[in-house]
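The values are calculated or read from the model by the stated rules, or taken from the named source; none is laboratory data. Nothing here was measured: the structure is a model prediction, and the numbers come from that model. In this analysis, Cβ positions are derived from the backbone assuming ideal geometry, glycine residues included, and neighbour counts consider all displayed protein chains.
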Amino acid sequence: MDDPSDDIPLQSAPPVRRPEPPAPHASAGSGFSSGGTSGAAPPEPPMSALPGIESDPNARNLAMLAHLLGIVSSFVGPLLIWVLKKDSHPFVEDQAKEALNFQITIALAYFVLSIMMWIWWYFWALFPLLSLANLALCLLAAVQASNGERFRYPVALRLVK
């Protein structure tokens, strides 16, 4: 039996128009148009335009260093970075201040534990736990700061504003 679709003539698809590339002298932010419309997707915004993400690699490294110095120098390292860089970059100021506040909190916790050991000597067992928590949280903060994300320690007295 004959198939009815055999009698229908095949139609060709219309030609595909490709967008013209922009002229090399016209830039996206210059306000001049090359005359044609382009069907291409708009370019991705830079990382600094995304909320909460820092794009400057130097700022990211200094923020990461502020968190890592807290492991070996307590509050002295974050304090130095905060004092030296607080006016130059808001991301470094924020993260160094956060690291400083956390290290002050850890120092106060060590002080309270050392006093409580006079009352009950079993409190010595909390020293390694506090050190481990300091190490883990500082490493987590350093990784997030190196990715350009702002980090907030879950337990920190916000003494430096």
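Data overview
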| read-out | value |
| --- | --- |
| Options Ala63, Ala99, Ala109, Ala59; residue that is free of Cβ contacts under 8 Å to residues at least 24 places away in the same chain and either closer than 23 Å to Asn147 by Cβ or not charged (D, E, K, R) (or both) | Ala109 |
| Residue count, segment 38-97 (criterion: surrounded by fewer than 11 Cβ atoms within 10 Å (Cβ to Cβ) and either modelled with pLDDT of 95 or more or on the phi < 0 side of the Ramachandran plot (or both)) | 13 |
| Ser146 modelled with pLDDT under 90, under 23 Å from Lys161 (Cα atoms) and either among the small types (Gly, Ala, Ser) or under 14 Å from the mean Cα position of the chain (by Cα) (or both) | no |
| Selection status of Leu137, in contact with a Pro (Cβ under 6 Å, 6 or more places away or on another chain), farther than 15 Å from Asn61 by Cβ and at pLDDT 90 or above | no |
| Boolean, Ala125 is buried (at least 16 other Cβ atoms within 10 Å of the Cβ) and more than 18 Å from the chain's Cα centre (by Cα) | no |
| Hits in segment 66-96 - residues which are touching a residue at least 60 places away in the same chain (Cβ under 8 Å), under 15 Å from Tyr153 (Cα atoms) and of a type outside the set (Val, Ile, Thr) | Ala66, His67, Leu68, Gly70 |
| Residues of segment 114-134 that turn out to be under 29 Å from Leu62 (Cα atoms) and of a type in the set (Gly, Ala, Ser), as a count | 2 |
